[in-house]
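S.K.: Below you'll find the structure I mean.
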Amino acid sequence: MGALAVAAHRGFWGPELGVARRPGGQGRFALSAAGGDAGGALGVRLEATAQLLLRPNDRKGRAPYAGLGLAFLGSPATHGAGYLTALLGLESAPGARAGWYAELGLGGGVRFAVGRHWRRFPAWW
């Protein structure tokens, strides 16, 4: 769960929800959806990435990761557009139950996202 901003010819910003699956090793597959303001109109941004975690089991400290994927931005202002994406990220304690993350990426503009991650759904869900 986080916030997302994309700076491009037409900007996009809004809240983002994502899910990720770590099948094992250093890999992770992530899907995210964000809804918000896309150039003055209501828009949606969908993204799917394959990510490489450099230290996936660290329970303390910060660990970098990188990813490649595809994104789609749709709004009345853009009429839908697809992008190849690349990202670099930093997360706290990727092997712990919860932490924070920050990402910087390219794909339809410069993308910046920050948020909170949980390894498992919290009990209150």
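The values are calculated or read from the model by the stated rules, or taken from the named source; none is laboratory data. As the structure is a computational prediction, the values presented were derived from the model and not from experiment. Don't worry about glycine lacking a Cβ; one is built from the backbone with ideal geometry, like all the others, and counts go over all protein chains shown. Calculation scope for accessible area: heavy atoms of the full protein, side chains included, ligands and nucleic acids excluded. Shrake-Rupley method; radii C 1.70, N 1.55, O 1.52, S 1.80 Å.
S.K.: Does segment 53-79 hold any residues that are of a type outside the set (D, E, K, R), within 16 Å of W100 (Cβ to Cβ) and surrounded by fewer than 15 Cβ atoms within 10 Å (Cβ to Cβ), and which are they?
M.R.: G61, P64
S.K.: A follow-up question, please. Of the residues that sit in segment 29-42 and are open to solvent by 30 Å² or more (accessible area, probe 1.4 Å) and in contact with a Phe, Trp or Tyr (Cβ under 9 Å, 6 or more places away or on another chain), which one is modelled with the lowest pLDDT?
M.R.: Once the filter is applied, the top-ranked residue is G39.
S.K.: State which residue pairs qualify: first residue within 22 Å of T85 (Cβ to Cβ) and inside segment 55-72, second residue among the β-branched types (V, I, T) in any location, beta carbons under 6 Å apart, and separation of 6 or more residues or different chains.
M.R.: These pairs meet every condition: G67/T49; G69/T49; G69/T85; A71/T85.
S.K.: Where in segment 1-98 are there strands (runs of 3 or more DSSP E), lying wholly inside it, with at least 2 residues that are more than 11 Å from the chain's Cα centre (by Cα) and closer than 19 Å to R116 by Cα?
M.R.: Result: 12-24, 27-38, 41-53, 62-74, 81-92.
S.K.: Kindly indicate which of A86, A50, A102 is touching an Asp or Glu at 6+ places or on another chain (Cβ under 9 Å), free of Cβ contacts under 8 Å to residues at least 24 places away in the same chain and open to solvent by 20 Å² or more (accessible area, probe 1.4 Å).
M.R.: Among A86, A50, A102, only A102 is touching an Asp or Glu at 6+ places or on another chain (Cβ under 9 Å), free of Cβ contacts under 8 Å to residues at least 24 places away in the same chain and open to solvent by 20 Å² or more (accessible area, probe 1.4 Å).
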